[in-house]
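Reviewing the structure listed below.
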Amino acid sequence: MSSGRLGEITGYTASQIRQDFNNFGGFGQQGYGYNVRDLFDGVTSILGLDSERHMVIVGAGNLGRALAGFPWSQRDAFIVDGVFDSSPDVIGDKIGEYTVGNISDLKKYLKARTPDVGVITTNGSGAQDACDILVEGGVKGIWDFAPVDLNVPDDVTLQYVHLNDSLHELIYYLGK
């Protein structure tokens, strides 16, 4: 596929596409374009999506249940290894193939295996405690859906997903 065609699809100029790809070592040959499979594999590798990434979810409410039930492994190499919560009302519940564990067992769980990503879907008041347990257990990536900002060490990557902020942004782009 040519950089011109990729530009038509993405809305970027062919020159910008060639320049961006060259920053990563180049993927095509002048006059021949890009082999789509090689391009896909190269970008997948650059993004770090070419190997399995294990996740643990803390918070088994509606959002935690939705994320646990999402078909990650069918679309990407993301694997949910466990779901934990502090509420006696949900501990022991089945969410698809997962049994909700007690957050008091999370430290022990993390000693046996360390997932790449800790997903926090707790309420705001429990989020920092959940984060601290995950970080203490060696988790280096936190995906935070809780409506609070978290404190993490410099060697931990934190990605916020504040749903209300996203909705506010959408409303802004809709205009008046």
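Derivation of every value follows stated rules applied to the coordinates shown; laboratory data play no part. Computed from a prediction, not measured in an experiment: that's the story for all the values here. We place every Cβ from the backbone using ideal geometry, glycine too, and count neighbours over all the protein chains shown.
Worth pointing out:
- Prolate/oblate/rounded call for segment 53-165, Cα gyration tensor, a/c under 1.5 rounded: rounded
- Lys, Arg +1 and Asp, Glu -1 on Cβ, resulting dipole of the chain about Cα centre, debye, nearest 20: 400 debye
- Residues whose amide H falls under 5 Å from that of ASP144, counting only those 5 or more places apart or on a different chain, are ILE120, GLN159, TYR160, VAL161, with hydrogens built in the peptide plane.
- The chymotrypsin sites (Phe, Trp or Tyr not before Pro) of segment 1-39 that DSSP puts in a loop, and whose beta carbon has at most 13 other beta carbons within 10 Å, are PHE24, TYR32.
- Positive minus negative residues near THR157 (Lys, Arg vs Asp, Glu; Cβ under 13 Å): -2
- For segment 1-78: rounded, prolate or oblate by the Cα gyration tensor [a/c cutoff 1.5]: prolate
- Shape category assigned to segment 3-46 from the gyration tensor of Cα positions, a/c cut at 1.5: rounded
- Whole-Å distance, taken between Cα centres, linking segment 121-176 and segment 52-82: 16 Å
- Given their separation in residues at 0.36 nm each and the Cα-Cα distance between them, LYS111 and GLU97 gain 2.8 nm when the chain is fully extended.
- Helical content alone sets the calculated 222 nm signal of the chain at -12000 deg cm²/dmol, taking -39,500 (n - 2.57) per DSSP H segment of four or more residues and averaging over every residue.
- Highest mean first, the peptides 116-128, 143-155, 77-89 sorted by other C-beta atoms within 10 Å per residue fall in the order 116-128, 77-89, 143-155.
- GluC sites (Glu not before Pro) restricted to DSSP loop in segment 1-108 with at most 13 other C-beta within 10 Å: GLU52, GLU97
- Annotation: for a label point projected 7 angstrom from Cα along Cα→Cβ of ARG53, residues of segment 130-169 with backbone N closer than 14 Å are 140-144, 157-161.
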